[in-house]
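I have placed the structure first, in the form of structure tokens, so that the comments after it can refer back to it.
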Amino acid sequence: MSLGNLIFIVLGGIVPLAYIAYIITSRKASVWENQEQYIHSRPYMHGWFVVVIMSFPSIAVLLIAGFLHATGVYTVSPFIVVAACIVLVALGFAFGLRKISPDFRARNKVENVIKWFLIAASLVSIMTTLGIVLSILFEALRFFDAVGFWNFITGTSWNPDTAFLSGAGRGEESAAAAEFGAVPIFAGTFMITFIAMCVAVPVGLFSAVFLAEYASPNLRKIMKPLLEVLAGIPTVVYGFFAAITVSPLVVKAAAFFGLEADYTNALSPGIVMGIMIIPLMSSLSDDVINAVPQSIREGSLALGTTVAETTKGVVLPAALPGIVSAFLLSVSRAIGETMIVVMAAGLRPNLTANPLEGMTTVTVRIVDALTGDQSFDSLETLSAFGLGFVLLILTLILNIISTIIVRKFREKYE
Amino acid sequence: MSSLIESSQANRKRYKAEKRFKFYGFFALLLSMGFLIFFLTDIVIRGYTAFRQAEIKAEISYSKETVEIPPLAVNEEARDFASRGFVRMIPLQVENNPELMGDTVVQWIVANDDVDQYIKGKPNGLSDSEKQKIDKLKKEGKIKLSFNEHFFINGDSKLPEISGIFSAAVGTIYVIILTVLFSVPIGVMSAIYLEEYAPDNMFTRAIEVNINNLAAIPSILFGLLGLAVFINFFGVPRSSSLAGGLTLSLMTLPVIIISTRASLQAVPDSIRHGALAVGASKWQMIWHHILPVSVPGILTGTILGVARAMGETAPLLLVGMMAYIPEVPNSFTDAATVLPAQIYTWASASQRAYVERTAAAIIVLLAVLLTLNAVAIWLRNKNEKKW
């Protein structure tokens, strides 16, 4: 019997026991209530108090034992765990039953427990961030140790194919050592991000201006959900669309102009990614444009300017910080986007300025390194964490800058 | 006076600029709608044919010999065109129904993917003589297209003609159940803490900044977390819906926290004060008065979070949920795959017939997601309460 099963069995025992204890205690407390004595807390609160006091210690024991077992640190004998739980439940019940009295402040005690639960729940998100940072950092450090941080950041040749040899203890056999220069990968990422922004920024911004300044309320009501549909389409679907439909179109269009394009060109994932980001750009800009006070607009219009002149001369400059932050968030989204580039961009790192050639991105290399059949400590697998580290830092910086800018903007107008 | 102003050269220019500016905005909107329509029609045109499947009328003779060499059971005319998925089941059929032995049955059986693609007028790997044979069979009424139920009741297969989305759909349901189970209670609890309890100090602000950051972190990094923490550290089975569900719930958590906070904020303070004034404790106020009125908002956020999690692929690839899984998973620790991952594997498969199946799976996924989003929008509009 595994400890995992055991935990479920014991929990199955604790829950009914706790229910019985709840009934007994709240009956006891309602007797006082019926005698019209003064009673500080309602009977059910006394019940909950006993439930907490009898079940929490044993659940904690179970969780700790389970954690130790799952992480492989130490496996406690199941019998000891069960015995400890039974003793704790019995002691808790006896103690709780003695403790309660009409004057006992059960409600305050129970609510305190609730509050700690809520705090624990909000710590989960902090733990998630910590988990992401630490899990990436540790593996990334191992990778940088082996490759060298500056070689990784400034090297122009990415050639991990022989990495498995050293993983298999045959490092000397390889003719050429594996190289991990990430510049071509960064270049590909920025190229595709740049193309995506060329699509998303003008279209998103102009849509936002039109919706905020010109569109009737009815048109707004229809168009905003329709734009949200673009945002709700899964990226894997966009990836399929980019690979199957847009790439051949790009190749044909290039051939029409006498140019040669790869089927894994950077242009098609870039364009499709731009389409995907339009709703993000437009809804964030729409929010800030709407946050610009109406009085500023009316002041400008009263001087006889047209709506376009007001928008260009007054509204957009006022909303500029918000628009910049929308832009930064969109860039961060584009850099971290995975499925579109995995399906439509190339696998080969390629340092070029020609968007019609195939190039690869950080996220593509991460997926490629981790879905192959390399062992977990091979250098290529670790390279995924090195790239993930760069991706994390980049997106964190972009997100934080955009948060700060937008907060400054809000402080100014709200 | 006014006609004087309007007729002046400079003003005419200004009004033209105004019109141009408005047109740019309108054009941008039109462009995004154009993308949407082009995209949807493209997917539907590619995919709708997969809902029908070519079948061929064949004589199946069950004998000792044909159990040994199953292809011989199919009459010669249809032999090359029958799906191997049907042919290899012949010995099993006999095993289950021994009375079939010695019989000859005429029935419609699934044709292979090349025939299917040829009938639908798509690129295929058939030779000219094979095409002529099929044309002849078609004239005799021995080949037809009928509703492709395999697509909905089968799992993945190496043979496009009998591969389906069922196991992936079950995997998606498993993953979503786990995601909701983990992320909704924790998300709602932390939103309640931040909105109702938390004092305005450094710690609280750190949590808030952190949640906003988490919402903007690329999803693939959650995959790295899932791989390093859940699989390598805690030993959760790779490719299991448990690993996927845990990873996705961490990703959905910020969405749920943010939307729950918004709906808690929308509850006016008068309700809080009223409850406290009649002697309710803080938790009683939250549980009896604040939460019930904010349920629609929480629900809307949950649906949007679920819709996002349902379409997510990248983190699931990293925790191994893209493996070839023909069987329906039986438990949360079985290897499973999800619809988007199935779309990804089919999209990278080499047989041509998978293209339309990929598009068909996309149609199914989009139908579900758009319904979810529509429900969320409807809920939001319906419950937009003005206090």
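The values are calculated or read from the model by the stated rules, or taken from the named source; none is laboratory data. On a predicted model such as this, the values are computed, not experimentally measured, just so you know. Glycine gets a Cβ as well: all are built from the backbone with ideal geometry, and neighbour counts include every protein chain shown. Just so you know, the surface numbers come from the protein's heavy atoms only, side chains and all, with ligands and any DNA or RNA stripped out. Shrake-Rupley method; radii C 1.70, N 1.55, O 1.52, S 1.80 Å.
So the values come out like this:
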| item | result |
| --- | --- |
| Phi-based couplings in Hz for the stretch A:202-211 (Karplus 6.51, -1.76, 1.60; Gly and Pro marked x) | x, 5, x, 5, 5, 4, 4, 4, 5, 5 |
| Point-to-point label distance, residue A:303-residue B:120, nm (Cα→Cβ direction, 7 Å offset) | 6.2 |
| Average Cα contact separation per residue, chain A, under 8 Å, 6 or more apart, as relative contact order % | 17 |
| Average projection area in nm² (convex hull over Cα atoms of the stretch B:5-52, one quarter of hull surface) | 4.0 |
| Residues with amide H under 5 Å from that of residue A:159, placed H, sequence gap 5 or more | A:179, A:180, A:181 |
| Accessible carbon and sulfur surface of chain B relative to its total accessible area, %, 1.4 Å | 61 |
| Cα Rg over Rh - the stretch A:255-414, Kirkwood | 1.13 |
| In nm, spacing of pseudo-spin labels at residue A:94 and residue B:136 (7 Å Cα→C-beta vector) | 9.3 |
| Helix-only CD estimate at 222 nm, as mean residue ellipticity for the protein assembly as shown, using -39500 (n - 2.57) per DSSP H run (n ≥ 4) | -22500 deg cm²/dmol |
| Karplus 3J(HN,Hα) series, Hz, for the stretch B:30-46 with 6.51 cos²θ - 1.76 cosθ + 1.60 (x for Gly, Pro) | 4, 4, 5, 5, x, 3, 4, 5, 4, 4, 5, 5, 4, 5, 5, 5, 5 |
| Diffusion coefficient, µm² s⁻¹, Stokes-Einstein with Kirkwood Rh over alpha-carbon pairs of chain A at 4 °C and 1.567 mPa s | 48 |
| By accessible area with a 1.4 Å probe, ligands and nucleic acids excluded, highest first: order of A:179, A:260, A:139 | A:260, A:179, A:139 |
| Kirkwood hydrodynamic radius (C-alpha pairs) into Stokes-Einstein, the stretch A:54-158, 4 °C and 1.567 mPa s, D in µm²/s | 70 |
| P(r), alpha carbons of the protein assembly as shown - 10 Å bins starting at zero, rounded % | 2, 11, 18, 21, 18, 14, 9, 4, 1, 0, 0 |
| Degrees between helix A:78-99 axis and first principal axis of chain A (Cα, 0 to 90, nearest 10) | 60 |
| Cα-only radius of gyration and Dmax that characterise the stretch B:54-148, units Å | 13.6, 41 |
| Estimated translational D of chain B in µm²/s (Stokes, Kirkwood radius over Cα pairs; 4 °C; 1.567 mPa s) | 51 |
| Surface per residue (accessible, 1.4 Å probe) for the stretch B:54-148, Å² | 56 |
| Residue B:273 - accessible surface, heavy atoms, 1.4 Å probe, Å² rounded to 10 | 110 |
| Solvent-accessible area lost in complex, 10 Å² minimum, residues of the stretch B:169-200 relative to chain alone, 1.4 Å | B:186, B:189, B:190, B:193, B:197 |
| Estimated buried accessible area (total), pair B and A, 1.4 Å, Å² to nearest 100 | 7000 |
| Apportionment of accessible area to carbon and sulfur, chain A, percent (1.4 Å) | 67 |
